[in-house]
Amino acid sequence: MLPTNSLASLLALAALATAHAQDIEVRQLGSVDPLEVGVATNGLGDSLWAGSTVQTALNALESLPGSGSEGYRSPARANLVALALLSGGRPPQGGRGNISLAGLRADRLLAASGAEAVYSLLERTPGLDRAPDLARLHAETAFALAAGEAGCRTANGLIVGRDQPYWLRARAFCHALNGEDAAAELSADLARAEEPDANFDGLLYAITIGSWTTGSASADTGLDWALAAVSPSEGRPAINLTDAPGWLVTVAEAASAAPALEADPALALEGLAMQEGIEREQRLAQLIRQDFDRQVSAQALAIALDEAVQDNDFMRVAREFGHEVDTLPVTFDTLVDGGRFSLAALAVGDIAAAQRWRDALENGPPARRSLPAYDPTKPDDLIGAVAEPDRPEWAPPSPAFMVGLDLALRVAQNQLRRASTDALIQARLEAGDGGLGDIAALAGLGFAAPADFRLALYRADPSTVSPALSAMDAAAMAGARAETALLAAQVLADGPVAASPAELMRITAALDRVGLRDMALALVLERLIVELA
């Protein structure tokens, strides 16, 4: 079965790979290169950078989303990057001791995998005291994750660049945590002389004074968020995250407790029309997750998925709520949205729920049996009582949708047997241009490439070949695993659904060539899910 819900099935953040843990124990700490530290138990192996040079590794990393970005809309693309960057192994040629390369790796990992992954990685990385870029990423993720002691350890232990404004403010926060208010304000004064930051000052003084002196506050960094988290709750303004990077928004949302649903679910659903913004998002999430009326939950999830399709954000919403699908009732009314429910279940790897809804789409909702009034003189009337005599006839989705859903189920379960898959591929081809990319991606993995598909490729409009695509092909030929994965992610800048058939065919072939077939199939699955939704 393919990993679709999160990196948990691929990557264990709790410990180093056994080989690296043993290696670190027997070598002097200072001799371990940051790239040799990893937190992936099923990563790319010690030779992940074999065949790469420091410059080709930098080229593969530089164009990927950085820590200050909104992150990734495509989970499959993010997972591809994270798998390479969470893995530890021998550095590329010329890369040992290259702090810029190590810093770029951690920065790109933060965008792809989030704060916990980077914090776990850098907690095990030696030499942070002389690597301010790595140290800042460690401190930022530690502060954001409420691991203030670890962040302060790094801030206090820094040797290189310790007098920069960020580190002065970090130590001010650490003093405030220890109740050393005078020292905290002195450190903040030194930072302000170099680089004013009224927002930080307002957050810090709320702690040292014990009350708020400002009516607004924002959190653009992990340090800001840590200050806000320990500030007095009375009078605390709403923390503005408008300018926060994607990884910090994710941390903040996870740390913020959602208010309980206090209204009747059906009435709350009706009230959605009068709400907007974050208040509406929270109410919709409450309705989806509540257990009082799962019929209402189904209606709310249908609304959320429909809006996600309009916003080109289906995978994120599906992964957030996909586990709710299993407990939704299958009725005539809910089955209208059953296709998207099945796809949402696939997005989180719940194959059983996805298959159950798929079968209901084909066969219709289960009939409810209605019992006639009991007549003791006619007990046999209860036998074979038929329900819903006025029930409308169920009309399944189009054959093209069902073929696509069946193909997605096969891909998700990694059950792509040649004969049956080739038949689905041929049927998918008949769906029109929308299926060409799916067929191309599977063709790159060695499955059927029908004549009509080849003709469509030949007749396609000429397109400019990305330099990253050609470099990816060459990296795969050289056996450069990490470089191949990262360059493939570069080509997939807008996710697998936006990639051309030619790009998809070459990407899946390259990933397969370096032993990343499961990651290639995850790209195919995501493309199918988004297209069908």
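The values are calculated or read from the model by the stated rules, or taken from the named source; none is laboratory data. Note that the structure is predicted; figures quoted are calculated from it, not measured. Here the Cβ is made from the backbone with ideal geometry for all residues, glycine too, and neighbour counts use every protein chain on show. The protein model used for the area step is the full one, side chains on, heavy atoms only, and it has no ligands, DNA or RNA in it. Shrake-Rupley method; radii C 1.70, N 1.55, O 1.52, S 1.80 Å.
Numbers below:
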item: Pair list, Cβ < 9 Å and 6+ apart or interchain, from region 502-521 residues that are free of Cβ contacts under 8 Å to residues at least 12 places away in the same chain to residues that are of a type in the set (Phe, Trp, Tyr) and open to solvent by 50 Å² or more (accessible area, probe 1.4 Å); result: none
item: Search result, residues across region 153-166 that are surrounded by 22 or more Cβ atoms within 10 Å (Cβ to Cβ) and hydrophobic (A, V, I, L, M, F, W, C); result: ALA155, LEU158
item: Hey, ALA184 small (Gly, Ala, Ser) and either on the phi > 0 side of the Ramachandran plot or open to solvent by 40 Å² or more (accessible area, probe 1.4 Å) (or both) or not; result: no
item: Any hit, region 213-221, residues being open to solvent by 80 Å² or more (accessible area, probe 1.4 Å) and either touching an Asp or Glu at 6+ places or on another chain (Cβ under 7 Å) or more than 22 Å from ALA144 (Cα to Cα) (or both); result: yes
item: Residue list for region 187-218, filter: of a type in the set (Asp, Glu) and in contact (Cβ under 8 Å) with a residue 12 or more places away in the chain; result: GLU194, GLU195, ASP197, ASP201
item: Positions within region 324-348 being closer than 14 Å to SER297 by Cβ and within 15 Å of the chain's Cα centre (by Cα), in sequence order; result: ALA344
item: Cβ pairs under 7 Å, 6+ apart, first in region 295-316 and on the phi > 0 side of the Ramachandran plot, second at pLDDT 95 or above and surrounded by fewer than 24 Cβ atoms within 10 Å (Cβ to Cβ); result: none
item: Single condition THR41 does not satisfy, out of (1) hydroxyl-bearing (Ser, Thr, Tyr); (2) over 15 Å from GLN490 (Cβ atoms); (3) crowded, with 20+ Cβ neighbours inside 10 Å; result: (3)
item: Number of positions in region 64-78 that are in a loop (DSSP other than H, G, I, E, B) and not polar (S, T, N, Q); result: 8
item: Every residue from region 266-294 that is open to solvent by less than 70 Å² (accessible area, probe 1.4 Å), touching a helix residue (DSSP H, G or I) at 6+ places or on another chain (Cβ under 7 Å), within 19 Å of HIS323 (Cβ to Cβ) and not charged (D, E, K, R); result: LEU284, LEU287, ILE288, GLN290
item: Complete set of residues in region 432-448 that are of a type in the set (Asp, Glu) and either at pLDDT below 90 or assigned to a loop (DSSP other than H, G, I, E, B) (or both); result: ASP433
item: Scope region 369-428; condition open to solvent by 80 Å² or more (accessible area, probe 1.4 Å), over 21 Å from ARG340 (Cα atoms) and either hydroxyl-bearing (Ser, Thr, Tyr) or at pLDDT 85 or above (or both); matching residues; result: TYR374, THR377
item: Leading residue by the ranking (nearest to ALA150 (Cα to Cα)) among those in region 84-102 that are in a helix (DSSP H, G or I) and open to solvent by 10 Å² or more (accessible area, probe 1.4 Å); result: ILE99
item: In region 44-63, residue nearest to GLY479 (Cα to Cα) [restricted to those that are out of contact with any Pro (no Cβ under 6 Å at 6 or more places or on another chain), open to solvent by less than 40 Å² (accessible area, probe 1.4 Å) and outside any loop (DSSP other than H, G, I, E, B)]; result: ALA60
item: Residue among ARG506, ARG481 that alone is basic (Lys, Arg) and within 23 Å of ASP46 (Cα to Cα); result: ARG481
